[in-house]
Protein chains: 2
Amino acid sequence: MQYKAEIHVTLKRTVNDPQGLAIRGGLHSLGYEGVEAVRAGKFIEVWLEADSAEEAERQAGEMSDQLLANPVIEDYTVAIGETLTQASPSGGGVTE
Amino acid sequence: MQYKAEIHVTLKRTVNDPQGLAIRGGLHSLGYEGVEAVRAGKFIEVWLEADSAEEAERQAGEMSDQLLANPVIEDYTVAIGETLTQASPSGGGVTE
């Protein structure tokens, strides 16, 4: 069965976020004075074959630990959904 | 009232995603042969003051159009939640 894992990778609260600060500065420059803080993170979608949703979630967690997140400075969350096989982009883009 | 906007910025389906392809290659190298496709996007959290959730959502959409997303190649979604003021990191990191 094919599953889609939605993985959010965010900097830990105690880690400074220069990208977020830059975005906040840009938003202030554009006139959005109500913006108090910005944190920038990654959103990674992984389509994978697995025997069960639990197995897909276990694998996605392992992938996050090993490659997608830096556990020293980042946290991650994994959410699993079932997909139709047709819903997967083939290899990251239609041009491939 | 303070709101938190969670903004997902993803490449349009028709746009090639070299970062996603690189991640997929890395996952295959690590032995995750079940991975069929990967798409990499951005996850941006914005804490902002607004009069209502509708106003916060409108502003977050505008910010996405103007700064956070490139509408030529990227899509975005905005989700709004209410926050306690204390929940906001001050300016993107505790060191600031």
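If you take the beta carbon distance between residue A:14 and residue B:14 as r and set R0 to 30 Å, what does 1/(1 + (r/R0)^6) give as a FRET efficiency, to the nearest 0.05?
Efficiency, rounded to the nearest 0.05: 0.15.
Mind checking the dipole of chain B: about its Cα centre, +1 per Lys or Arg Cβ, -1 per Asp or Glu Cβ, Debye to the nearest 20?
Approximately 500 debye in magnitude.
Per residue, how much accessible area does segment A:1-70 have with a 1.4 Å probe, in Å²?
43 Å²
Which ³J(HN,Hα) values in Hz, rounded to whole numbers, follow from the phi angles of segment B:27-38 under the Karplus curve 6.51 cos²θ - 1.76 cosθ + 1.60, where θ = phi - 60° and Gly and Pro get x?
These are the phi-based 3J(HN,Hα) values: 5, 4, 4, 7, x, 8, 6, x, 6, 9, 7, 9 Hz.
So how much accessible surface do A and B hide from each other in total, probe 1.4 Å, in square angstrom to the nearest 100?
About 4100 Å² of accessible surface is lost on pairing.
Would you kindly work out, in nm and rounded to one decimal, the distances from the label point of residue B:54 to those of the same position in each other copy, ordered shortest first, with label points 7 Å along Cα-to-Cβ?
When each copy's label point is compared with this one, the spacings are 4.6 nm.
Which Cβ of chain B lies nearest the axis of the rotation superposing B onto A, and at what whole-Å distance?
B:43, 2
Amide H neighbours of residue A:74 under 5 Å, at least 5 residues apart or on other chains, H built in the peptide plane: list them.
A:12
Counting only protein heavy atoms and a 1.4 Å probe, tell me what percentage of the protein assembly as shown's accessible area is made up of carbon and sulfur.
Taking all protein chains in place, the protein assembly as shown shows 52 percent carbon and sulfur surface.
Take chain B, connect every pair of alpha-carbon atoms lying under 10 Å apart with a spring to form a Gaussian network, then pick out the residue of B:40, B:50, B:22 with the largest mean-square fluctuation.
Residue with maximal mean-square fluctuation among B:40, B:50, B:22: B:22.
Compute a Gaussian network model of chain B, connecting alpha carbons closer than 10 Å, and tell me which residue from B:67, B:11, B:30 fluctuates the most.
B:30
How many nanometers, to one decimal and shortest first, lie between the label point of residue B:83 and those of its other copies, if labels sit 7 Å from Cα toward Cβ?
Distances to the matching label points in the other copies: 2.9 nm.
For residue B:54 and residue B:82, calculate 0.36 nm times their separation in residues minus their Cα-Cα distance, and state this gained length in nm to one decimal.
Full-extension gain reported as 8.9 nm.
What are the distances, in nm and sorted shortest first, from the label point of residue B:30 to the label points of the same position in each other copy, with each label point placed 7 Å from Cα along the Cα-to-Cβ direction?
Once sorted, the set of distances for residue B:30 reads 3.3 nm.
Magnitude of the Cβ-charge dipole of the protein assembly as shown, K/R +1 and D/E -1, about the Cα centre, nearest 20 debye?
Charge dipole of the protein assembly as shown: 480 debye, to the nearest 20.
The values are calculated or read from the model by the stated rules, or taken from the named source; none is laboratory data. Because the structure is a prediction, the values reported are computed rather than measured. Note: ideal-geometry Cβ built from the backbone for every residue, glycine included; neighbour counts use all protein chains shown. Accessible surface areas use protein heavy atoms only, side chains included; no ligands, DNA or RNA. Shrake-Rupley method; radii C 1.70, N 1.55, O 1.52, S 1.80 Å.
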